[in-house]
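Following: one structure in structure tokens, then a few remarks.
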Amino acid sequence: MNDLKFMVDQNVGKLTKWLRVMGYDTRLFNGKDDSHMVAIAVKEGRVLLTKDTQIMKRRVVTSGRLKAIFIETDEPEQQMCQVIESLNLDCWFRPFAICLECNQPLVERSRQEVKDLVPPYVFQTQEQYMECPVCHRIYWRGTHWQAMTKNLKKFLKCSTG
Ligand SMILES: [Zn+2]
């Protein structure tokens with residue numbers, strides 16, 4: 001269950017960031033060709049999240065070859081709750097393990113390694129750092145991290161309710 005990977009249709013694109021925060025490998029499809037999106041999802045074994053009823057009628061979905069979840073609401077938090085509930089997702093799967101921008105696994109960095117890469121006040125107050133190997137964005141346990149954690153706790157309520 002923990003190995004779940006996702007393909008997010010752009011009509012529910014806000015889910016991408018949350019799933020990555022939780023540590024799930026999540027691809028956002030920005031193209032026009034639904035068939036292409038479906039093909040990638042099947043090939044890479046991703047669960048498809050969409051608001052498109054036509055996709056749900058496709059044979060590849062009705063036959064169960066591709067697992068797809070039809071997202072019912074327009075409200076991003078409720079959408080996230082629906083995904084958590086239907087798949088029994090672990091909100092604390094691997095928090096902050098994946099770059100929110102690139103969907104790449106983050107690499108741990110020591111304080112010395114990031115010395116010249118982060119603002120001085122961050123360097124003075126933070127101990128733990130992660131770096132994205134692709135965009136080289138540095139993540140740390142600052143206010144951003146705290147805000148994210150608060151939101152994950154909010155979603156935690158979905159999984160127990
Ligand atoms: Zn990145």
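Please state which one of THR149, THR143, THR73 is over 17 Å from the mean Cα position of the chain (by Cα) and at pLDDT below 90.
Unique residue meeting the criteria: THR143.
Can you tell me which condition PHE155 does not meet? The list is (1) surrounded by 17 or more Cβ atoms within 10 Å (Cβ to Cβ); (2) touching a strand residue (DSSP E or B) at 6+ places or on another chain (Cβ under 9 Å), and all the others hold.
Failing condition for PHE155: (2).
Which condition from (1) within 16 Å of the ligand (Cβ to nearest atom); (2) part of a helix (DSSP H, G or I); (3) surrounded by 14 or more Cβ atoms within 10 Å (Cβ to Cβ) is the one that HIS144 breaks?
Result: HIS144 fails condition (3) only.
If the requirement is being over 18 Å from the mean Cα position of the chain (by Cα) and either outside any helix (DSSP H, G or I) or not basic (Lys, Arg) (or both), which of these qualifies: VAL134, VAL118?
When all the criteria are applied, what remains is VAL118.
Scanning region 128-141 for residues that are near the ligand (Cβ under 10 Å from one of its atoms) and charged (D, E, K, R), which turns out nearest to LEU106 (Cα to Cα)?
Checking each candidate, the answer is GLU131.
For region 32-75, please list each of the helices (runs of 4 or more DSSP H) lying entirely inside it that holds at least 1 residues being more than 21 Å from LEU89 (Cα to Cα) and small (Gly, Ala, Ser).
Of the helices (runs of 4 or more DSSP H) lying wholly inside region 32-75, those with at least 1 residues that are more than 21 Å from LEU89 (Cα to Cα) and small (Gly, Ala, Ser) span 34-44.
Condition first: more than 8 Å from the ligand (Cβ to nearest atom), touching a residue at least 24 places away in the same chain (Cβ under 8 Å), outside any strand (DSSP E or B) and more than 21 Å from ASN151 (Cα to Cα). Now tell me which residues in region 96-113 satisfy that.
Residues satisfying the conditions do not exist here.
Tell me, yes or no, whether region 119-127 has at least one residue that is surrounded by 15 or more Cβ atoms within 10 Å (Cβ to Cβ) and within 15 Å of the ligand (Cβ to nearest atom).
Checking region 119-127: not a single residue is surrounded by 15 or more Cβ atoms within 10 Å (Cβ to Cβ) and within 15 Å of the ligand (Cβ to nearest atom).
Looking at (1) surrounded by 12 or more Cβ atoms within 10 Å (Cβ to Cβ); (2) of a type outside the set (Ser, Thr, Tyr); (3) closer than 23 Å to LEU106 by Cα, find the lone condition where ARG58 falls short.
Single failed check for ARG58: (3).
So GLN82 fits all but one of (1) away from the ligand (no atom under 16 Å from the Cβ); (2) surrounded by fewer than 18 Cβ atoms within 10 Å (Cβ to Cβ); what number is the exception?
(2)
The values are calculated or read from the model by the stated rules, or taken from the named source; none is laboratory data. What you are looking at is a predicted structure, and each value in this text was computed from that prediction instead of being measured. Methodologically, a virtual Cβ is constructed for each residue, glycine included, from the backbone with ideal geometry; neighbour enumeration extends over all protein chains shown.
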